[in-house]
1. How many residues are assigned to a strand (DSSP E or B) and crowded, with 21+ Cβ neighbours inside 10 Å when one looks only at the stretch 206-216?
2. Among the residues of the stretch 53-73, write down those that are surrounded by 15 or more Cβ atoms within 10 Å (Cβ to Cβ) and touching a residue at least 12 places away in the same chain (Cβ under 8 Å).
3. Only one of these is buried (at least 21 other Cβ atoms within 10 Å of the Cβ), at pLDDT 95 or above and more than 20 Å from the chain's Cα centre (by Cα): ALA134, ALA85. Name it.
4. For HIS147, indicate whether it is in contact (Cβ under 8 Å) with a residue 60 or more places away in the chain, within 15 Å of PRO296 (Cβ to Cβ) and not basic (Lys, Arg).
5. Can you name every residue in the stretch 144-169 that is hydrophobic (A, V, I, L, M, F, W, C) and either farther than 18 Å from ARG122 by Cα or buried (at least 18 other Cβ atoms within 10 Å of the Cβ) (or both)?
6. Any chance you could count how many residues in the stretch 235-258 are β-branched (Val, Ile, Thr), modelled with pLDDT of 95 or more and over 14 Å from the mean Cα position of the chain (by Cα)?
7. Do we find that GLY139 is over 21 Å from the mean Cα position of the chain (by Cα), closer than 30 Å to ARG64 by Cβ and exposed (fewer than 15 other Cβ atoms within 10 Å of the Cβ) in this structure?
8. Would you check which residues across the stretch 97-123 are within 26 Å of TYR173 (Cα to Cα) and either of a type in the set (Lys, Arg) or over 17 Å from the mean Cα position of the chain (by Cα) (or both) and list them?
Amino acid sequence: MLGSLDSKPKDLETIARSGGALRRMAARVPTYLTDLRENPAWLPMFLLARTIPFRKVHWLTAKRVRSSVSAARSMFDDLKGEAIAVELRRTGIFTGLTLPQAIQEEIARFGHETPCFGNFDRKLEFLAGEHEEAERRFGRTILSGHHFERILQCEAAVAVQEDPLLLDVARHYLGGEAKLITTRTWWSFPTKTASEADLSRASFKFHFDLDDWRMLKFFFYLSDVDADAGPHVYVRGSHNRRRMKHQLTLLVGHPADEVLEYYGEENALTLTGKAGSGFVEDPFGFHMGTLAKQTPRLMMEVGFGVSKPSKRRYHGEPVIR
């Protein structure tokens with residue numbers, strides 16, 4: 001079961017602040033320009049989808065979905081997509097997902113046996129069990145390791161992304177045009193060499209995702225996650241209301257004290273759980289990944305959206321200048 005613990009997000013935010021927001025935005029310019037060339041519709045989404053009025057207008061275009069029972073059997077037993085969508089509309093998150101043990105173990109084994117790429121860089125390739133040696137070999141702090149498209153070689157991972165419950169939830173929440181955007185697995189590693197610049201990344205701050213007008217993301221822990229293994233934190237209710245200051249800025253990451261003061265510290269849900277536990281959230285709500293302090297965390301994400309996914313690069317992979 002997923003639960004709530006006090007992971008002290010304010011403490012992490014104190015570490016993470018480095019004042020390099022403009023430098024980080026400048027570094028993303030090549031990625032933004034490439035996105036724009038590939039899909040000109042990306043620009044109005046990027047500029048306007050961060051504002052509540054324009055988002056509400058776009059939600060009005062969602063195709064309605066009738067209640068239906070899929071003929072295909074789900075690995076998640078008797079969970080109902082329509083009921084989960086109701087909870088998502090209310091709080092932005094549903095925490096009652098559990099992978100079958102055999103599925104979880106197969107994906108976890110794949111994650112251990114398949115080389116990953118450190119810090120989104122395909123030049124930094126290593127096995128998760130060799131993380132410390134990889135940091136020495138590459139002379140770099142490595143906080144994450146992504147498998148990118150390699151995860152699609154794992155039959156169990158493909159079975160999860162194709163499970164009928166996930167699409168049913170997505171269609172009831174996002175509308176009938178909801179489609180699978182990406183599946184990914186990645187490691188979060190504890191490290192003793194992280195600098196303030198490393199920790200200033202948006203993923204370690206309260207932020208919201210802005211990859212599409214309407215999105216939904218399913219997350220599954222593939223290793224046990226406690227307070228020292230980098231639990232995910234989500235601010236309930238922040239998906240459908242937004243402080244004006246947080247709408248009229250190009251920044252998606254914001255200080256923890258500022259976020260918690262406005263949206264309520266009591267709404268910050270820290271998600272811990274055993275391997276196989278999962279949740280689904282509207283990523284427009286404020287969330288963050290906390291730093292893995294003692295043990296590495298292996299996690300899986302299955303994302304749905306309503307726009308055409310990029311074929312140029314894998315999810316989260318930056319364009320290097």
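The values are calculated or read from the model by the stated rules, or taken from the named source; none is laboratory data. Model, not experiment: these values are computed from the prediction. Backbone-built Cβ (ideal geometry, glycine too); neighbour counts: all protein chains shown.
1. Of the residues in the stretch 206-216, 3 are assigned to a strand (DSSP E or B) and crowded, with 21+ Cβ neighbours inside 10 Å.
2. To start, the set of residues in the stretch 53-73 that are surrounded by 15 or more Cβ atoms within 10 Å (Cβ to Cβ) comprises 54-55, 58, 62, 65.
Selection gives ARG55, HIS58, ALA62, VAL65.
3. ALA134
4. No, not satisfied.
5. Selection gives PHE148, ILE151, CYS154, ALA156, ALA157, VAL158, ALA159, VAL160, LEU165, LEU166, LEU167, VAL169.
6. First, the residues of the stretch 235-258 that are β-branched (Val, Ile, Thr): 235, 249, 252.
Next, only the ones that are modelled with pLDDT of 95 or more stay: 235.
With over 14 Å from the mean Cα position of the chain (by Cα) added as a condition, the list becomes none.
Within the stretch 235-258, residues that are β-branched (Val, Ile, Thr), modelled with pLDDT of 95 or more and over 14 Å from the mean Cα position of the chain (by Cα) number 0.
7. no
8. Of everything in the stretch 97-123, those that are within 26 Å of TYR173 (Cα to Cα) and either of a type in the set (Lys, Arg) or over 17 Å from the mean Cα position of the chain (by Cα) (or both) turn out to be THR98, LEU99, PRO100, ILE103, GLN104.
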